[in-house]
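Since the structure comes first, as structure tokens, the remarks are kept for the end.
The values are calculated or read from the model by the stated rules, or taken from the named source; none is laboratory data. In this text, all values refer to a predicted model and were calculated from it rather than measured experimentally. Note: ideal-geometry Cβ built from the backbone for every residue, glycine included; neighbour counts use all protein chains shown.
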Amino acid sequence: MKDFRVTPIRNGTVIDHIKVGMALKVLKIIGIKGENSQSTVSVLLRVPSKQNEWKDIVKIEDRELDPKELSKIALISPSATINIIRDYNVAEKFNVEVPDIVKGIVRCQNPGCITNQSEPIEPEFVVESKKPLTLRCIYCGRIMNDVSDYLI
Amino acid sequence: MSQDFKGNDLVAIRDLSREKIERVMDLAEKMIPIANGEKRCDLAVGYVQGSLFFEPSTRTRLSFASAMARLGGTTLGFDQPGGSSVQKGETLADTIRMVDTYSDVIVLRHHAEGSARMAAHFAKKPVINAGDGAGQHPTQTILDLFTIRKAKKKIEGINVALVGDLKYGRTAHSLAEALAMFGANLMFVAPASLQMPKETLRAVEKIGTTPKVYNTVEEALPEADVMYVTRIQKERFPDLAEYHKVAGSYKINNALLKDAKPELSIMHPLPRVDEINTEVDSTPHALYFQQAFYGVPVRMAILALVLGVME
């Protein structure tokens with residue numbers, strides 16, 4: 001009897017150490033929407049982890065992520081690591097990084113903020129703290145800690 | 001020093017250091033004889049103030065217009081968006097770009113928080129925030145500080161009680177931070193449901209002041225040198241009966257003031273509804289009309305500095 005849950009991928013990206021419960025949000029970030037997706041995607045929820053007890057993992061075949069996607073993943077799961085796989089080998093491995101300025105990827109949670117009023121500007125935040133995550137809207141000053149429901 | 005102001009925006013009180021606020025207040029002091037009409041000046045002849053008030057305002061709008069006129073300049077703009085292209089669906093960004101070409105300084109009041117910061121982004125000319133929704137109203141804060149300094153000769157060490165809606169009142173938040181910066185002793189007087197938000201408390205404590213918190217005016221009154229009263233807004237209460245109960249206990253009248261220091265000054269950003277009884281108006285405690293007047297010299301100073309017509 002074969003004993004593996006998910007097979008290794010030949011080319012693509014493995015997003016490892018995703019904060020448990022966040023894998024589905026990661027799928028949303030990388031735009032995997034079933035029918036339209038050209039890649040095979042494997043999702044592992046609640047995998048035992050040495051570092052954090054539990055983690056989620058997402059594997060995407062034949063695709064590498066762009067910087068905006070990486071920043072978004074960092075915002076909802078700063079512990080995530082990215083493994084770029086080429087020909088079954090890990091060609092690159094790095095941690096996602098929360099940028100100092102978050103621009104155009106998160107909406108301000110303040111409904112009264114000018115960035116939520118159809119004006120021609122991108123929402124922008126200063127990262128006041130990376131751990132715990134604290135963003136301050138440069139327009140209205142609202143402080144945000146959990147951005148997972150406000151990703152653009 | 002004026003080079004630090006010339007062409008710069010004034011969006012939030014935090015944009016200004018204590019030294020810069022003091023510079024504005026020193027200049028405002030000199031502007032008083034011009035503001036009250038004793039003297040004339042032509043510092044800003046030929047300068048145009050673009051005044052965009054998307055929300056109703058009496059004191060702020062009129063005192064900015066008066067300030068510009070007293071400096072010799074003119075004001076154009078609107079006091080309600082109804083008569084402007086905004087009604088046709090124009091964005092604020094486009095309105096700002098247009099007014100930017102018609103004027104030398106833009107004064108903006110808008111309901112959206114952060115609107116002045118955005119306007120500053122689109123305008124080449126300096127933008128002065130005259131209130132952005134529940135956000136900032138820095139010229140009000142400076143005129144409040146100026147009023148205290150005029151009445152008490154100093155701000156440091158003065159016991160200032162902020163009374164009323166400290167949770168939602170925008171003037172209370174920025175004033176608390178500015179007062180802390182100037183070394184005043186802060187007293188926060190509000191029902192538990194309307195007390196100062198944690199962020200402001202933290203900000204004030206970070207500056208080095210530990211405010212005293214009170215739930216009733218009576219407790220705070222004997223110690224206060226200045227009592228800054230703000231309106232408790234009906235719309236903040238889901239239960240009208242609860243509003244009447246709370247609002248009723250924060251009304252200032254002469255009977256209550258018997259326990260006050262003789263030199264206590266009462267301030268209010270106005271408009272008041274009934275939180276200060278009109279019988280207080282004729283007592284030496286009433287400082288709120290003087291406070292409203294100081295809006296003119298303070299805004300003259302700010303306009304003169306950002307326009308660069310004062311050295």
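Remarks
- Candidates are the residues of region A:118-130 that are within 19 Å of the chain's Cα centre (by Cα) and not hydroxyl-bearing (S, T, Y); the one that is farthest from the other protein chains (Cβ to nearest Cβ) is A:K130.
- Every pair of residues 6+ apart whose Cβ atoms lie under 6 Å, when the first sits in region B:245-256 and is in a helix (DSSP H, G or I) while the second is of a type in the set (V, I, T): B:A247/B:I232
- Qualifying residues in region B:188-224 (those that are of a type in the set (D, E, K, R) and more than 15 Å from B:I252 (Cβ to Cβ)) - the one surrounded by the fewest Cβ atoms within 10 Å (Cβ to Cβ): B:K198
- For region A:39-57, the count of residues that are closer than 17 Å to A:L133 by Cα and at pLDDT 90 or above is zero.
- Within region B:96-144, the residues that satisfy the criterion of being within 14 Å of chain A (Cβ to nearest Cβ), part of a strand (DSSP E or B) and touching a Ser or Thr at 6+ places or on another chain (Cβ under 7 Å) are B:L108, B:R109, B:G131, B:D132.
- Applying the criterion of being of a type in the set (A, V, I, L, M, F, W, C) and under 22 Å from B:A93 (Cα atoms) to the residues of region A:101-112, the residue that is farthest from the other protein chains (Cβ to nearest Cβ) is A:I105.
- Tabulated pairs, region A:9-24, first touching a residue at least 60 places away in the same chain (Cβ under 8 Å) and at positive phi, second in a strand (DSSP E or B) and buried (at least 19 other Cβ atoms within 10 Å of the Cβ), C-beta under 6 angstrom, 6+ apart or interchain: A:G12/A:I60; A:G12/A:I85; A:H17/A:K55
- Flag for A:R46 being of a type in the set (D, E, K, R), outside any strand (DSSP E or B), out of contact with any Cys (no Cβ under 8 Å at 6 or more places or on another chain) and away from every other protein chain (no Cβ under 13 Å): no
- In this structure, B:A220 does not satisfy being in a helix (DSSP H, G or I) and closer than 30 Å to B:K6 by Cα.
- Every test in (1) within 19 Å of the chain's Cα centre (by Cα); (2) farther than 21 Å from B:L264 by Cβ is passed by B:L201 save one, and that test is (1).
- Region B:145-158, subset in contact with a helix residue (DSSP H, G or I) (Cβ under 9 Å, 6 or more places away or on another chain) and assigned to a loop (DSSP other than H, G, I, E, B), residue nearest to the other protein chains (Cβ to nearest Cβ): B:I155
So that you can scan it fast, the table gives a plain yes or no per residue for (1) over 30 Å from A:T134 (Cα atoms); (2) of a type in the set (D, E); (3) within 14 Å of chain A (Cβ to nearest Cβ):
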position: B:Q195; (1), (2), (3): no, no, no
position: B:E205; (1), (2), (3): no, yes, no
position: B:Y214; (1), (2), (3): yes, no, no
position: B:V217; (1), (2), (3): yes, no, no
position: B:L221; (1), (2), (3): yes, no, no
position: B:Y243; (1), (2), (3): yes, no, no
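- Hey, A:N110 closer than 30 Å to B:G133 by Cα, surrounded by 16 or more Cβ atoms within 10 Å (Cβ to Cβ) and touching a residue at least 12 places away in the same chain (Cβ under 8 Å) or not: yes
- Evaluating A:T115 against the criteria (1) β-branched (V, I, T); (2) surrounded by fewer than 20 Cβ atoms within 10 Å (Cβ to Cβ); (3) within 14 Å of chain B (Cβ to nearest Cβ) leaves one unmet condition, (2).
- Residue match in region B:119-127 (condition: closer than 23 Å to B:T230 by Cα, of a type outside the set (F, W, Y) and touching a Phe, Trp or Tyr at 6+ places or on another chain (Cβ under 9 Å)): no
- When B:R23, B:R14 are screened for being of a type outside the set (A, V, I, L, M), in contact (Cβ under 8 Å) with a residue 40 or more places away in the chain, in a helix (DSSP H, G or I) and within 14 Å of chain A (Cβ to nearest Cβ), only B:R14 passes.
- Test: residue in region B:74-86 that is buried (at least 22 other Cβ atoms within 10 Å of the Cβ) and either assigned by TED's automatic domain parsing to the domain that holds B:L270 or in contact with an Asp or Glu (Cβ under 9 Å, 6 or more places away or on another chain) (or both): no
- Top-ranked residue of region B:228-243 - restricted to ones that are loosely packed, with under 15 Cβ neighbours inside 10 Å and assigned to a loop (DSSP other than H, G, I, E, B), ranked as modelled with the highest pLDDT: B:D239
- Among the conditions (1) assigned to a loop (DSSP other than H, G, I, E, B); (2) modelled with pLDDT of 95 or more; (3) within 30 Å of B:G50 (Cβ to Cβ), the only one that B:P269 does not satisfy is (2).
- Scope region A:136-147; condition in contact (Cβ under 8 Å) with a residue 24 or more places away in the chain and either out of contact with any Leu (no Cβ under 8 Å at 6 or more places or on another chain) or within 12 Å of another protein chain (Cβ to nearest Cβ) (or both); matching residues: A:C137, A:Y139, A:C140, A:R142
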